[in-house]
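Enquirer: Let me begin by handing over the structure; questions about it come next.
Readers should treat all values here as calculations from the given coordinates under stated rules, not as data from a laboratory. As the structure is a computational prediction, the values presented were derived from the model and not from experiment. Reconstructed Cβ throughout: ideal geometry from the backbone, glycine too, with neighbour counts over all protein chains shown.
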Amino acid sequence: QAEQRAGHTHVWDNDEERIWQSSPGRASSIVPQQVYSYDRVFGPSDTTSLIHEEIARARISRILQGYNATLFAYGQTSSGKTTTVRGMAGR
């Protein structure tokens with residue numbers, strides 16, 4: 001959000017399962033035109049609560065029942081990964 005307020009534009013677009021470069025082939029781009037697919041992709045407009053509900057809550061419940069689970073949260077430093085996994089009550 002801070003980047004958006006500062007007028008920075010994003011160079012990646014996404015749907016719920018893929019990400020791709022918004023402006024492939026620009027002279028300044030070093031990323032080849034390619035689409036990357038994942039089980040689930042969340043975009044900049046998705047809330048922490050939505051991500052926690054869709055991903056973390058069910059897995060944490062299963063962990064407490066004795067099952068193994070893995071949550072892989074990747075993102076910029078201070079972007080809210082831990083808060084998303086823990087949920088708002090974990091703050």
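Enquirer: If you go through the stretch 48-91 one residue at a time, how many are closer than 23 Å to residue 17 by Cα and small (Gly, Ala, Ser)?
Expert: The qualifying residues number 9.
Enquirer: From the list 82, 70, 77, exactly one residue is out of contact with any Leu (no Cβ under 6 Å at 6 or more places or on another chain), assigned to a helix (DSSP H, G or I) and at negative phi. Which is it?
Expert: On the way: 70 fails: assigned to a helix (DSSP H, G or I); 77 fails: assigned to a helix (DSSP H, G or I).
Among 82, 70, 77, only 82 is out of contact with any Leu (no Cβ under 6 Å at 6 or more places or on another chain), assigned to a helix (DSSP H, G or I) and at negative phi.
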